[in-house]
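J.: Can you read through this structure? Questions will come right after.
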Amino acid sequence: MKPPVDLLVIGAGWAGLYAAKYAREAGLEVMILEGRYDLGGVWNYTDDPATITVMRNTVSSSSRHVTEASDFSMGEAAGNFFRHEDALGFLRRYADRFGLSDRIVTSARVARAGKADGLWQVDAEDGRCFTAKRLAIATGVHQRRRPISGPVTEFTGAVVHTADLKHPLDLGVGTGDHVIVYGGGETAADVVQDLATGTAAEITWAIRGGQHFFRKAPLRRGQPPGGYDRYDMALDEYSSGAIGVMTSVKSAVPGMRHLGNLGTSGSLFSYQGHGVAEWQNEIPLYRQFFNKNGHALEHVWNGCVTPARGIARCLGNTVVFEDGREVQASHIVCSFGYQPDFSFLPDELAAVPTDRLHRLVFHPDDPSLAFFGFARPTILSLPYMIELQCLYAARVWFGRVVLPDPETMRAEADADAAALDAVFGYERSNRNITCPFWYLEVMMKAMQEDSLRRLFARFDPRRDWPLFSKAVRVPASPLLLRLITSDAVGPEERARMDEYISPMPFGFRRQNVSLLRYLLTYGLMIGLSRLLRLDALFDAIARRRMARRGRAIALRPAPAGVAAAVSAPVSIPSSAVDSIPPSPGGSAA
């Protein structure tokens, strides 16, 4: 058996690589165990149906700037929204850049992990053994399918979990089939998009409990329903330290909420991004997971896809929805999500849920055990959350932050969970869903930092006005985390600021715009909107429309020729994806 390493990381996906890189920077000797033949996690696509990965034509739902590492760019060639091939290439280059590639042990699926004599002992399924002083779990949430349960189990037609789909068109449906896509997440939206553009099947999109939507890129004239350009402006970059001073995420960004609806739908009245009566709820903005694949809503707005509430019961092939409406269906595609798997850990450690970890990272009963990548943000990206967790963990490993005793850790973890419950204000079905802006405050306090104050103090306008004017306009992203927390800003970070500057409204410009113009435009826009309470006004009008006719947006017939184009399955060559990507099946990040 080899000598123990300082940190053993289980999983060589996004979270595992980030954790290993930050541990090395903290001076730890690191080894990474990966169960598959190569790094990449779910972004390493395979046709093997037994292995859960992204889908064959996956495109990210979060933009590249909001996703890529704070100190390593994915590159402009990947576009603003990247494919799984781009993500895998980025992770391979990241591992090479930071000296991780030769520290990865592949085909080392973990069978069990436990502690003996103060050291972690990890046994692989093939009999190899590894020892370490610390253990980091970065296996991701896509380890097991969340079981199909409830009324759907009584359906006698075809029931498919999205985890079993490598591409929605693999269902082989067409004329005469009625497919119900059940779920409000981004994978469900991608399935709807692919089926609506690639088949002649009748489609119903059922969502239980309502959903908030947001588009990736602006709605442009001339694009087919659901289409967008991967290189177009990313709408999730409309944030910055300066905008954060003008509005409040905690109060559902007053003054900007109606503009988000406008960017998503082209209408000020698309309540919660969709304007559909069946999907509305009372949850404030940023208190529910955002479905950023709002481009699929165009098939609802043009009448090609029928929205529905949750399924109340199934009688043979008859599906009854919560509002009493009945349909005959041939397929139900369940987008029910996934669950992590900690079965290799001792029962007493695995029994602590991930929302009860100290700062959602360290196990309160044994701080030598850490978890990365299990806190899911309502918006932004999972890699953003991972990097924030790694920044904190590195300070603990380096000794700059000292963890309290186990009893205090448990108390603080419970207090954080209660505080997060208060932020959301309702019972979340997935307790790993986290408000990233709340979490940033918690982690900055734990690192003894003040995010906005640190940003404005570090980039003093009296010393370097050009640098200050860029820094305060960097969107909420890993790069912004680095600007806030790092001890020095290097030339690479300075160069990337130009590319990252948050865009101006409506015109989507980011270059050659002075800070004064930026502040005046947003200040006037947000100030007047808050003064006139435009968010509440447009929401009230939208809800009245939905109550009267079920829709807040008038029906938008598909352009001539589009209906005929989807009467037969389509095949999209990879070379066509760059210009107008059609249906990004299985978005992630």
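The values are calculated or read from the model by the stated rules, or taken from the named source; none is laboratory data. Quick caveat: nothing in here was measured; it's all calculated off a predicted structure. Here the Cβ positions follow ideal geometry from the backbone for every residue, glycine too, while neighbour counts run over all protein chains shown. Ligands, DNA and RNA are stripped out before the accessible areas are found, and what is left, the full protein with its side chains, is counted by its heavy atoms. Shrake-Rupley method; radii C 1.70, N 1.55, O 1.52, S 1.80 Å.
J.: With both partners inside region 1-143, how many of the DSSP beta bridges are antiparallel, as a percent to the nearest 5?
T.: Details: 12 of 23 bridges.
Bridges in region 1-143 that DSSP calls antiparallel: roughly 50 percent.
J.: Which whole-Hz couplings ³J(HN,Hα) result when phi for each residue of region 255-263 is put into the Karplus expression 6.51 cos²θ - 1.76 cosθ + 1.60, θ = phi - 60°, listed in order with x for Gly and Pro?
T.: Values, residue by residue: x, 10, 4, 5, 6, x, 5, 5, x Hz.
J.: Also, I was wondering about something else. Taking R0 as 25 Å, what's the FRET efficiency between residue 531 and residue 281 from their Cβ-Cβ distance, rounded to 0.05? Provide the component values of the computation, followed by the final result.
T.: Details: r = 28 Å, r/R0 = 1.10.
My answer for the efficiency is 0.35.
J.: Still on this structure: Leaving out same-chain residues fewer than 8 places away, which lysines sit with a Cα under 21 Å from that of residue 133?
T.: Within reach: 2, 21, 115.
J.: While we're on this one: Helix-only estimate, please: 222 nm mean residue ellipticity of the chain, summing -39500 (n - 2.57) across DSSP H runs of length 4 or more and dividing by its residues, to the nearest 500. List each step's numbers first, then the result.
T.: Numbers: 18 runs with 184 residues, N = 589.
For the chain, the value works out to -9000 deg cm²/dmol.
J.: For a bin width of 5 Å, list the pair-distance distribution of region 40-119 built from all Cα-Cα distances, rounded to whole %.
T.: Using 5 Å bins, I get a P(r) of 3, 13, 19, 20, 16, 14, 8, 4, 3, 1 for region 40-119.
J.: Related question: With θ set to phi - 60° and the Karplus curve 6.51 cos²θ - 1.76 cosθ + 1.60, what are the ³J(HN,Hα) couplings of region 218-232 in order, to the nearest whole Hz, using x for Gly and Pro?
T.: 3J(HN,Hα) across region 218-232, in whole Hz: x, 6, 10, 5, x, 8, x, x, x, x, 6, 9, 4, 9, 6.
J.: Go through region 385-401 residue by residue and turn each phi into a ³J(HN,Hα) via Karplus (6.51, -1.76, 1.60, θ = phi - 60°); whole Hz please, and just put x for glycine and proline.
T.: Per residue, the Karplus-derived 3J(HN,Hα) values read 5, 4, 5, 4, 5, 5, 4, 5, 4, 4, 5, 5, 5, 7, x, 6, 10 Hz.
J.: Next question. Taking residue 250 as the anchor, which lysines have their alpha carbon closer than 20 Å to its alpha carbon, excluding any fewer than eight residues away along the same chain?
T.: Output for residue 250: 292, 445.
J.: Where in region 72-180 are there trypsin sites (Lys or Arg not before Pro) that are in a DSSP coil and have at most 16 other Cβ atoms within 10 angstrom of their Cβ? Walk me through the numbers before you get to the answer.
T.: Numbers: sites: 83, 92, 93, 97, 103, 109, 112, 115, 128, 133, 134, 144, 145, 166; in loops: 109, 128, 166.
Counting only loop positions with at most 16 other Cβ atoms within 10 Å, the trypsin sites (Lys or Arg not before Pro) in region 72-180 are 109, 128.
J.: Calculate, for residue 50 and residue 417, the FRET efficiency according to 1/(1 + (r/R0)^6) with r their C-beta to C-beta distance and R0 30 Å; round to the nearest 0.05. Working shown, then result.
T.: On the way: r = 35 Å, r/R0 = 1.16.
Taking R0 as 30 Å, the efficiency between residue 50 and residue 417 is 0.30.
J.: Same structure, new question: Kirkwood Rh over Cα pairs of the chain into Stokes-Einstein at 4 °C, 1.567 mPa s: D in µm²/s? Write down the numbers at each step before the final one.
T.: Working: Rh = 24.9 Å.
Rounded to a whole number, D works out at 52 µm²/s.
J.: Tell me, what % of the accessible area of region 56-148 is carbon and sulfur with a 1.4 angstrom probe? List each step's numbers first, then the result.
T.: Details: 1670 of 3790 Å².
Ligands and nucleic acids excluded, carbon and sulfur give 44 percent.
J.: OK, next. Report, for the chain, the % of DSSP beta bridges that are antiparallel, rounded to 5.
T.: On the way: 25 of 61 bridges.
So the antiparallel bridges amount to about 40 percent of the total.
J.: Once neighbouring chains are kept in place and the probe is 1.4 Å, which whole percent of the accessible area of region 347-440 is contributed by carbon and sulfur?
T.: C and S fraction of accessible area: 55 percent.
J.: Starting from region 376-472, pick out the chymotrypsin sites (Phe, Trp or Tyr not before Pro) whose DSSP state is loop and whose Cβ has at most 15 other Cβ atoms within 10 Å. If you can, show how the numbers build up before the last one.
T.: Details: sites: 384, 392, 397, 398, 424, 426, 437, 438, 439, 456, 459, 468; in loops: 426, 459.
Sites meeting the loop and neighbour criteria: 426.
J.: Continuing with this model, one more query. Residue 521 to residue 156: extension gain in nm, 0.36 nm per residue of separation minus the Cα-Cα distance? Could you put the intermediate results ahead of the total?
T.: Numbers: separation 365, 0.36 × 365 = 131.40 nm, distance 5.68 nm.
Separation in residues times 0.36 nm, less the Cα-Cα distance, equals 125.7 nm.
J.: Quickly work out the residue 77-to-residue 402 label distance, labels modelled 7 Å from Cα along the C-beta direction, and quote it in nm with one decimal.
T.: Here the modelled spin labels are 5.0 nm apart.
J.: Between residue 129 and residue 320, how high is the FRET efficiency from 1/(1 + (r/R0)^6) when r is the Cβ-Cβ distance and R₀ = 35 Å? Nearest 0.05.
T.: Details: r = 54 Å, r/R0 = 1.56.
That pair, residue 129 with residue 320, gives E of 0.05.
J.: Per residue, how many Å² of accessible area does the chain show with a 1.4 Å probe? Intermediate results must be reported in sequence, preceding the final value.
T.: Details: 23260 Å² over 589 residues.
Roughly 39 Å² per residue, with all protein chains present.
J.: Obtain the nm distance between the two label points defined at residue 200 and residue 431 by a simple spin-label model: each point lies 7 Å from its Cα along the Cα-to-C-beta direction.
T.: If labels sit at residue 200 and residue 431, their model points lie 5.0 nm apart.
J.: Compute the distance in nm between two label points, each set 7 Å from the Cα along the Cα-to-Cβ direction, one at residue 351 and one at residue 462.
T.: 5.8 nm
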